[in-house]
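First the structure, in the form of structure tokens, and then the observations on it.
The values are calculated or read from the model by the stated rules, or taken from the named source; none is laboratory data. Note that the coordinates shown come from a computational prediction; the quantities given were computed from them, not determined experimentally. Here the Cβ positions follow ideal geometry from the backbone for every residue, glycine too, while neighbour counts run over all protein chains shown. Areas reflect the complete protein model, heavy atoms only, side chains present, ligands, DNA and RNA absent. Shrake-Rupley method; radii C 1.70, N 1.55, O 1.52, S 1.80 Å.
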Amino acid sequence: RLPSDFYVNPEKTATIDSKAEIEVDYNVKPLCYKVVGNKLYMRVGETMEEREVPNRPQDAFQRISGMIELRNTIREILDMEIAGCSNAQLELAQKQLNDKYDHFVRNYGILNSQTNVRLFREDADSSLLFACETLSDDKRTATKADVFYARTIRPYVVPTQTDDCFEALQISMNERGKVDIEYVEELTKKDYNTVLDELGDAVFKNPAETSIGDKYSGFETAEKYLSGNVKRKLSMAKTFAREMPGKGFERNVKALESVQPEPLSASDISVRIGASWIDKDYYKQFLMKILGIPFFYEDGISVYYNPHDSSWRIDKSAHLRNYSDMKVHEVYGTGRASAYRIFEDCLNLKATTIYDTVEEDGKEKRVLNQAETIAAREKQNKIKEEFKDWIFDKPERRDDLVTRYNELFNQIRLPTYDGSYLKFPEMNPTIELRSHQRNAVQRIVTGENTLLHHVVGAGKTYTICASCMKLRQYGLAKKPMIVVPNHLVQQWAGEFRLLYPNSKLLIAGKEDLEKSNRKRFVSKVALGDWDAVIIAQSSFAKIPISSERQERKLQEEIRRIEETIASQWEENSHPRGAVKNLERIKKNREAQLKKLMDDAKKDDVLIFENLGVDYLFIDEAHNYKNLFL
């Protein structure tokens with residue numbers, strides 16, 4: 001019975017299939033369960049939707065109610081720890097949690113039993129609940145996690161004052177993820193010039209990131225500025241120092257000059273046939289040299305490179321067909337594989353292979369000719385060895401290639417990363433990240449693409465979890481997604497919860513990607529403020545990108561192919577062989593585009609763009625190598 005002064009705001013109520021009408025409870029997190037009377041509800045946005053309770057087991061409602069109560073108690077304990085509660089307050093709350101848990105297990109078994117997991121997995125905080133148990137190897141028994149006995153979160157207090165500019169710089173990097181000189185001024189109570197004098201060569205003003213008229217913009221740590229493409233940075237610094245004298249860029253020039261990579265000599269450079277940075281004219285010169293073709297026949301051979309599939313092609317004119325026949329078919333080739341074909345295979349990094357066609361059961365079949373293949377590969381090895389001796393034998397060619405190699409590949413200075421100063425709010429205080437893990441977190445949050453090429457057991461899971469939370473703290477990522485092997489989804493969720501007990505995780509199972517559940521899954525991801533979405537590789541593979549993006553990508557590739565074909569017609573008098581493969585690729589892309597645009601079975605509910613994911617971590621990344629882009 002409602003009291004006389006009770007008022008229900010119609011804007012805060014929801015009617016679901018005429019089942020029930022209930023006021024929204026903002027104390028319930030989005031996509032979490034709540035029991036009202038003898039009914040089960042889930043908060044979805046600004047509404048409370050009634051959920052059907054399974055018929056089996058008979059005590060399903062009681063089990064769900066018990067798990068909701070345990071979930072709420074765990075959440076209350078974590079909130080108390082974040083607020084800095086006393087030990088006495090924490091012990092009292094933990095005693096209540098132990099009593100409720102023991103009562104539940106006596107009646108319904110461990111939380112991670114198949115029945116309990118099935119009943120509660122739709123709740124957004126289900127991973128928090130299930131992580132409060134540590135399962136045995138056979139997954140039949142469980143022990144209580146630290147949240148029942150110990151303080152798993154220590155309140156983090158942001159420093160507000162320091163006299164040391166270097167300490168203030170570390171605080172700035174930890175809290176803002178960047179060099180914020182204005183923030184350092186605020187922490188140290190020192191003026192702009194004093195801060196820069198004391199920091200000295202620890203920070204530099206990057207002209208590429210500087211906004212005109214903003215003296216605080218563009219600052220970077222020395223480790224970041226004095227790394228990467230330091231040759232390009234030096235060129236820019238010299239330009240700014242020349243055009244804006246007295247602005248401090250002279251210091252940049254001096255520092256960058258000291259970290260330039262040492263020029264490599266020919267003895268430091270290994271060149272193999274097929275390297276795309278070598279001019280095609282050099283390959284042509286080498287082929288003419290070994291085959292003894294005079295210079296006045298040079299227009300009879302053409303070497304083409306297709307950047308779209310990194311393939312090489314050699315064409316020869318008819319008047320060369322029988323020229324130097326002995327060298328073509330005996331010295332550097334065989335009767336079944338000419339020197340031209342073998343050299344083309346060298347350029348394309350293919351081992352020459354000879355097949356015979358035989359008839360078997362009325363059908364033609366290709367069979368490897370082992371003797372001919374061995375003979376052809378011996379000639380291929382001979383060509384490779386002679387190329388190594390030839391490529392640097394003339395000073396002019398050697399100097400040209402060494403200069404080109406240094407310009408292309410010797411401009412980078414690898415950065416070093418120091419994560420020793422990083423603080424991790426809300427991390428389990430009983431766990432301490434090792435130095436290489438801290439450094440990896442620093443690289444992830446300050447760099448771009450990162451490969452954690454660590455040995456097994458080096459702690460990549462904790463590194464990624466800590467990086468997720470740090471990116472969220474800095475505001476660099478709003479919704480990270482972690483893609484993991486299918487059998488490791490729950491293990492990842494458990495380890496994430498162990499490291500960050502109060503983290504907000506969404507665990508995406510294969511049932512979430514089934515057609516009937518896709519809309520609900522998209523809503524889960526979009527409506528929740530998740531610290532991370534953990535998803536299985538097989539489920540991730542089912543999430544398509546939008547057709548608009550696919551069309552845009554294909555049209556862009558077709559345009560680039562057309563431009564390359566046009567340039568081949570302009571550069572070569574006989575481009576037919578050069579463009580043949582390009583036209584084949586173009587035709588294939590046009591067919592893909594037509595199929596995409598004609599496809600009437602478009603599922604516009606589940607597309608990657610609708611998820612709001614803005615940062616992606618891939619576990620076991622080698623599973624994705626050599627895929628079509």
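Restricting the search to the range 124-171, which residues are open to solvent by less than 60 Å² (accessible area, probe 1.4 Å), in contact with a strand residue (DSSP E or B) (Cβ under 8 Å, 6 or more places away or on another chain) and modelled with pLDDT under 90? Within the range 124-171, ALA124, SER126, SER127, LEU128, CYS132, GLU133, SER136, ALA145 qualify. Would you confirm whether or not the range 534-550 contains a residue that is surrounded by fewer than 13 Cβ atoms within 10 Å (Cβ to Cβ), over 30 Å from THR461 (Cα atoms) and at pLDDT 80 or above? Yes, the conditions are met somewhere in the range 534-550.
GLU407: more than 30 Å from LEU499 (Cα to Cα), within 40 Å of the chain's Cα centre (by Cα), modelled with pLDDT under 95 and not in a strand (DSSP E or B), yes or no? Yes; evaluated as a whole, the condition is true for this residue. Take the conditions surrounded by 14 or more Cβ atoms within 10 Å (Cβ to Cβ) and either within 19 Å of LYS388 (Cβ to Cβ) or without any contact (Cβ under 8 Å) to a residue 60 or more places away in the chain (or both) and apply them to ALA351. Does it pass? No, not satisfied.
The rows are residues; the columns are (1) closer than 30 Å to ARG51 by Cα; (2) open to solvent by 20 Å² or more (accessible area, probe 1.4 Å); (3) free of Cβ contacts under 8 Å to residues at least 40 places away in the same chain.
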{"site": "THR446", "(1), (2), (3)": "no, yes, no"}
{"site": "ASN449", "(1), (2), (3)": "no, yes, yes"}
{"site": "VAL455", "(1), (2), (3)": "no, yes, yes"}
{"site": "LYS460", "(1), (2), (3)": "no, yes, no"}
{"site": "MET469", "(1), (2), (3)": "no, yes, no"}
{"site": "PRO480", "(1), (2), (3)": "yes, no, no"}
{"site": "HIS487", "(1), (2), (3)": "yes, yes, yes"}
{"site": "GLY494", "(1), (2), (3)": "yes, yes, no"}
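ILE558 meets the conditions (1) modelled with pLDDT of 75 or more; (2) open to solvent by 30 Å² or more (accessible area, probe 1.4 Å); (3) touching a Lys or Arg at 6+ places or on another chain (Cβ under 6 Å) in every case but one. The failed one is (2).
Yes or no, residue by residue, for (1) open to solvent by less than 60 Å² (accessible area, probe 1.4 Å); (2) free of Cβ contacts under 8 Å to residues at least 40 places away in the same chain:
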| residue | (1), (2) |
| --- | --- |
| GLU396 | no, yes |
| ASP399 | no, yes |
| VAL402 | yes, no |
| LEU408 | no, no |
| ASN428 | yes, no |
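In the condition set (1) at pLDDT 90 or above; (2) over 39 Å from the mean Cα position of the chain (by Cα), SER18 is compliant with all but (1). Hey, does the range 307-323 have a residue that's within 48 Å of the chain's Cα centre (by Cα), of a type in the set (A, V, I, L, M) and not in a strand (DSSP E or B)? Among the residues of the range 307-323, not one is within 48 Å of the chain's Cα centre (by Cα), of a type in the set (A, V, I, L, M) and not in a strand (DSSP E or B), which makes the answer no. Taken as a whole, the range 362-380 holds at least one residue that is under 40 Å from the mean Cα position of the chain (by Cα), within 20 Å of LYS280 (Cα to Cα) and not charged (D, E, K, R). Which condition does LYS470 not pass, out of (1) farther than 20 Å from SER126 by Cβ; (2) in contact with a strand residue (DSSP E or B) (Cβ under 7 Å, 6 or more places away or on another chain); (3) basic (Lys, Arg), if it passes all the others? So the condition that LYS470 fails would be (2).
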